[in-house]
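Some notes on the structure that comes next.
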Amino acid sequence: GWLGQLFGGQKTVLRGSFAVIVYDEGTNMYASNLGPNLGKTISANLVSGQSILPQFTSLSDVVANPVPISAFPFTTTEYRRTVSQADQTFRTSLNGMDPGLRAPYTLNWNVSVQREVARNTVVEARYVGTQGRGQWRTSNINEVNIFENGFLEEFNNARRNLAINRSAGVQSFANLGRPGQVGLPLFEAAFGPLGNVAALPAGSGFQSAGFITNLDNGGAGALANTLATNRDYVCRMFGNRLQACPGFVNAGFNVPGRYPINFFLLNPYVAGRLNYVEGVGRTWYNGLQVQLRRQQANGLTWTANYTWSSSLTNNRADNATMSSDWRTRRDTGMDRVISPFDIRHVVQMFGTYDLPFGAGRKFAIRNRLLDAVAGGWVIGSVIVFNTGQPVQLTGGGFNNVNTSDNAMANGVILAPGVTLDQIRGLFNAPRIRMTGRADAIDINRIAVDPRLIGPDGRANPEFLQVNRNPGWFGQLLYIPGRNNFNWDASLTKTFRITEGLRFELFGGAQNVMNRQQWGMPNANVFSTQFGVVGAPSGQRQMNFRGTLNF
């Protein structure tokens with residue numbers, strides 16, 4: 001860093017620093033992602049006197065000279081260093097890690113100006129910036145495709161067929177030749193016969209309740225993922241193009257299917273999720289901090305500070321493997337949003353004050369017994385106020401684009417003419433006691449404007465609507481969480497027993513004012529619990545302790 005003094009008088013100081021900090025991810029990422037994969041081990045139960053392995057055979061011996069199956073009294077497959085993915089389709093999962101992974105790091109910098117404003121008292125203003133780079137992230141790279149392959153268009157055609165059939169009293173999305181209906185070649189291939197394998201029954205095809213629900217909800221990603229991962233549909237579409245179909249599922253799939261095996265997925269041999277670890281995580285923090293600091297003088301030590309900051313990230317995950325799919329791998333830049341820890345405003349005040357009663361203080365107490373009781377007390381106080389963390393409004397989870405587990409892929413829709421500021425206001429209705437009131441109909445939604453709740457308990461569609469548009473994520477909407485205020489206080493006294501022996505008595509109270517902290521209401525607009533607030537937390541806690549120091 002660097003340091004300079006400004007304006008003379010030794011009262012103003014300019015400081016700054018820059019640092020690069022590299023950190024170690026440890027082994028959990030390896031254990032969690034590569035641990036479940038095949039090919040690492042082979043199990044053997046050795047029975048005394050039945051194995052031909054020499055005594056004290058080591059792992060290095062086995063690696064150098066692979067052990068034949070005949071060396072063990074059991075039947076198993078041969079150990080192989082390389083496992084064919086084609087042999088594992090529909091049977092096992094697969095995870096991977098970028099072989100070029102490097103240790104993640106952060107860039108940290110700050111610039112500050114400090115000015116002495118009174119004896120033992122300074123004011124400091126600083127700018128603090130941090131960027132995290134190369135952070136490890138686990139996500140599914142087998143994102144189902146509904147765009148380039150034409151599936152989205154066929155999905156919309158199926159919705160149209162369903163609506164036409166329903167008007168005739170038929171619950172099916174098949175092309176029955178009615179006016180306005182069109183053929184669905186992809187679905188016909190997935191449900192129809194191939195080779196020596198018969199077609200699927202109607203309940204698993206055009207009359208499937210699950211597929212019809214997907215069509216009603218715009219779940220194009222959900223329906224495509226089912227077709228891409230279920231062997232009954234996969235093998236009818238791909239036939240013997242996919243080795244597992246005739247080799248594992250049914251030998252009757254002895255001809256090529258109509259579609260290429262990578263029609264839906266990047267790696268069709270996995271036929272499901274393919275978790276992959278990459279060093280692509282980024283964070284951005286910028287903060288303005290102002291602090292008043294008073295050193296110990298006349299019995300008082302005090303610090304007060306204020307922070308105004310912004311925190312962004314491209315991975316809102318907070319778990320051991322930083323596991324979260326991208327909203328879509330087509331545009332990873334869409335995931336750069338406010339972080340879950342984005343607290344815009346924080347005010348803190350803390351310090352201690354020596355009460356002026358007792359030996360050596362302003363109001364001396366000569367009587368030793370009275371001084372032992374009333375003198376030498378120190379009070380402490382910590383006061384914190386902060387604004388709330390951001391809360392996302394989520395929808396029905398219908399997987400309109402893909403099957404990403406990222407909550408940001410589950411957006412909602414603002415009703416026409418409604419603004420996000422209006423929604424924020426409705427979520428921050430006055431918290432009043434509703435029990436005993438004639439118009440109180442729902443005491444669990446005490447902090448949400450009743451206009452925001454629909455008759456079924458879900459969000460009122462006049463304000464917020466569930467996203468049922470295939471191929472669209474919906475709107476990404478955040479509302480601020482509840483502000484928080486907390487005051488902790490303590491009282492301490494030290495009794496001197498001998499020159500080297502002291503007894504300290506401490507009494508403290510957390511949340512002195514016993515101010516309840518309400519959480520945010522349920523923010524899932526499709527939930528019948530939308531707007532329901534859980535029980536408050538943060539009751540006052542008091543603790544007392546005595547410490548003998550020698």
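Just so it is clear, none of the values below were taken in a lab; they were calculated from the coordinates. Since the structure is predicted, the reported quantities are computational estimates derived from the model, not experimental observations. So basically every Cβ, Gly included, is an ideal-geometry build from the backbone, and we count neighbours across all protein chains shown.
Couple of notes before you dig in:
- Other-chain or far-sequence residues with amide H under 5 Å of ASN399's (modelled H): none
- Order by protection proxy (mean Cβ within 10 Å, highest first), peptides 324-337, 499-512, 402-415: 402-415, 324-337, 499-512
- Using the Cβ-Cβ distance between THR332 and TRP308 with R0 set to 35 Å, the FRET efficiency from 1/(1 + (r/R0)^6) comes to roughly 0.75.
- 10 Å-binned pair-distance histogram of the range 151-264 (Cα, whole percent): 15, 46, 29, 9, 0
- Relative frequency of Cα-Cα separations exceeding 19 Å in the range 208-339, percent: 70
- The chain, helix-only ellipticity at 222 nm - DSSP H runs n ≥ 4, -39,500 (n - 2.57), divided by all residues, nearest 500: -4000 deg cm²/dmol
- Subtracting the Cα-Cα distance of GLN516 and PHE357 from their residue separation scaled by 0.36 nm leaves 53.8 nm.
- Label zone at ARG133, where the point sits 7 Å out along the Cα-to-Cβ direction: the range 100-127 residues whose backbone N lies under 17 Å: 101-110
- Dipole magnitude of the chain, debye to nearest 20 (Cβ charges: Lys/Arg +1, Asp/Glu -1, about Cα centre): 1720
- The range 466-549 - Debye-derived log10 I(q)/I(0), Cα point model, q = 0.14, 0.24 Å⁻¹: -0.71, -1.12
- Peptide packing: for 375-382, 162-169, the average count of neighbouring Cβ atoms within 10 Å per residue gives the ranking 375-382, 162-169, highest mean first.
- For the range 156-165, putting each phi into the Karplus relation 6.51 cos²θ - 1.76 cosθ + 1.60 with θ = phi - 60° gives couplings of 5, 5, 5, 4, 5, 4, 4, 4, 5, 5 Hz, in residue order, rounded to whole numbers and with x for Gly and Pro.
- Eligible lysines near LYS362 by straight Cα distance, threshold 22 Å, same-chain separation 8 or greater: LYS493
- Share of pairwise Cα-Cα distances greater than 17 Å in the range 340-393 is 58 percent (whole percent).
- For peptides 217-226, 487-496, 177-186, sequence by mean Cβ density within 10 Å, most packed first: 217-226, 487-496, 177-186
- MET97, MET542 arranged by Cβ crowding within 10 Å, fewest neighbours leading: MET542, MET97
- For the chain, alpha-carbon Rg relative to the globular expectation (2.2 N^0.38 Å, N residues): 1.37
- Between ALA374 and ARG80, full extension at 0.36 nm per residue minus the direct alpha carbon distance yields a gain of 97.9 nm.
- Backbone HN-Hα couplings from phi across the range 276-286 [Karplus 6.51/-1.76/1.60, Hz, Gly and Pro as x]: 9, 9, 9, x, 10, x, 9, 9, 9, 10, 9
- Exposure proxy shown here: for PHE398, PHE90, the number of other Cβ atoms within 10 Å sets the order, fewest to most, as PHE90, PHE398.
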